[in-house]
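Novice: Here you go, one structure.
The values are calculated or read from the model by the stated rules, or taken from the named source; none is laboratory data. Because the structure is a prediction, the values reported are computed rather than measured. Every residue, glycine as well, gets a Cβ built from its backbone with ideal geometry; the counts of neighbours run over all protein chains shown. Accessible surface is based on the protein model in full, side chains and every heavy atom, while ligands, DNA and RNA are left aside. Shrake-Rupley method; radii C 1.70, N 1.55, O 1.52, S 1.80 Å.
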Amino acid sequence: MKAWTLLFDIDGTIMTSAHAGTSAMAETAKELFGVSEIGPLNVHGRCDRGILAELFQGLGVSYEQHHEEFCRRYYQNLPASLVKNEGRLLPGVESLLETLQSQDNIALGILTGNLQRAAEIKLKHVGVDQYFSFGGYGDQFADRNDVAAQAVQSAKNAIGDRFSSDQVWVIGDTPNDIRCARSIDAKVLAVKTGGGSANKLSSAAPDLLLDDLTDCEQWIGSLK
């Protein structure tokens, strides 16, 4: 039996981290470079590799020289930042994941701009890390299309000949999620929980647009 591969974004889709990632980056920059603050970062729908490259450029420091140590400290600071900023699951997510995991023909993965270790920390913080066994992450790529391709390859490696390129959905909250889904010929379920413009989401033409992940019975039924 071929499986449906469902690739979930994290921030704004599975959970809200309430800017915990940006706060942890600022704390890390303070520790490592002695700066009191960092400039505003556009993080919505972007990959951490590109965000960090922009941050380092703004601080006038070498990405290659400091990236490894910065990430190590960032991973140490992120859990406390998630607690302080009250990172939490978004409506309907846990129930949906439980239902999807119980289906034999569904494989759950991650497609996120987060660094892989940061993604794992965030998912563990909200108690849903156990649902996902493969994914694409923002460690190597600044373009989300490349992350989507990585997620597909990871899915193929994880589920083998049950993978079907015709049975892939991306679940996300930004036009970038929709764009990267189209780059891998996937269908898209978009939600309005990320705080972005509903008009922009609608204009990007997802296959399904919902307020949140609370009422997904009809969509789940279409996967059976």
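Novice: With charges set only on the Cβ (+1 for Lys and Arg, -1 for Asp and Glu), what does the dipole of region 86-204 come to about its Cα centre, in debye to the nearest 20?
Specialist: 280
Novice: Just to confirm a number: summing +1 for Lys and Arg and -1 for Asp and Glu over residues other than residue 14 whose beta-carbon lies under 10 angstrom from that of residue 14, what do you get?
Specialist: It works out to a net charge of -3.
Novice: Additional query: If you consider only alpha-carbon coordinates, what radius of gyration and Dmax does region 131-224 have, in Å?
Specialist: My reading of the Cα-based Rg and Dmax gives 13.5, 38 Å.
Novice: In whole Hz, what ³J(HN,Hα) sequence does region 207-224 give by Karplus (6.51, -1.76, 1.60; θ = phi - 60°), x for Gly and Pro?
Specialist: 6, 8, 10, 10, 5, 7, 9, 6, 10, 10, 4, 5, 5, 4, x, 6, 8, 7
Novice: Hey, another quick one. Pull up all non-local amide H partners of residue 210: gap of 5 or more, or a different chain, and H-to-H distance under 5 Å with H placed in the peptide plane.
Specialist: Those lying under 5 Å, H to H, from residue 210 are 190, 191, 192.
Novice: To the nearest µm²/s, what D does Stokes-Einstein give for the chain at 37 °C and 0.692 mPa s, using the Kirkwood radius over alpha carbon pairs as Rh?
Specialist: Value of D from the Cα-based Kirkwood radius: 185 µm²/s.
Novice: Something else about it: Could you list which residues have their amide H under 5 Å from that of residue 4, counting only those 5 or more apart in sequence or on another chain, with H placed in the peptide plane?
Specialist: 106, 107
Novice: Follow-up question, since we're still on this one. Pop out the ³J(HN,Hα) list for region 118-134 in order, Karplus 6.51 cos²θ - 1.76 cosθ + 1.60 with θ = phi - 60°, rounded to Hz; leave Gly and Pro as x.
Specialist: Values, residue by residue: 5, 4, 4, 5, 5, 5, 5, 4, 9, x, 10, 4, 6, 7, 10, 10, 7 Hz.
Novice: Give me the percent of accessible area attributable to carbon and sulfur for region 74-119, probe 1.4 angstrom.
Specialist: Heavy-atom surface of region 74-119 belonging to carbon and sulfur, 1.4 Å probe: 42 percent.
Novice: Under the rule of at least 5 residues apart or a separate chain, name every residue whose amide H is placed under 5 Å from the amide H of residue 110.
Specialist: 8, 134, 135, 136
Novice: Report, ordered by chain and residue number, the lysines lying within cross-link reach of residue 187, taken as a straight Cα distance under 19 Å and ignoring same-chain residues fewer than 8 apart.
Specialist: Counting by Cα, and skipping residues close in sequence, residue 187 has these lysines nearby: 2, 156, 200, 224.
Novice: Mean 1/r over all different Cα pairs, inverted: what Kirkwood radius does region 97-174 give, in Å?
Specialist: Every distinct Cα pair counted, the radius reaches 13.1 Å.
Novice: Give me the net charge of residue 152's neighbourhood, meaning all other residues with Cβ under 14 Å from the Cβ of residue 152; Lys, Arg count +1, Asp, Glu -1.
Specialist: My count for the surroundings of residue 152 gives +2.
Novice: Here's a follow-up. Enumerate the lysines that residue 84 could reach by cross-link, defined here as Cα to Cα under 19 Å, with residues fewer than 8 away along the same chain left out.
Specialist: Answer for residue 84, where 19 Å is the Cα cut-off: 30, 122, 124, listed by chain and number.
Novice: Could you please state, rounded to a whole Å, how far the C-alpha centre of region 95-118 is from the C-alpha centre of region 155-197?
Specialist: Using only Cα atoms, the two centres lie 11 Å from each other.
Novice: Distance from the Cα centre of region 29-50 to that of region 71-89, in angstrom?
Specialist: 14
Novice: How high is the relative contact order of the chain, in percent, with contacts defined as C-alpha pairs under 8 Å that are six or more residues apart?
Specialist: Relative contact order comes out at 28 percent.
Novice: Give the accessible surface of the chain per residue, rounded to a whole number of Å², with probe radius 1.4 Å and ligands, DNA and RNA excluded.
Specialist: For the chain, the solvent-accessible area averages 47 Å² per residue.
Novice: Could you give me the ³J(HN,Hα) list for region 47-64, computed from phi with Karplus coefficients 6.51, -1.76, 1.60 and θ = phi - 60°, whole Hz, x at Gly and Pro?
Specialist: 9, 4, 4, x, 5, 5, 4, 5, 4, 5, 4, x, 8, x, 10, 6, 5, 4
Novice: Percent of accessible area on region 1-52 owned by carbon and sulfur, 1.4 Å probe?
Specialist: Solvent-exposed carbon and sulfur of region 1-52 make up 50 percent of the total.
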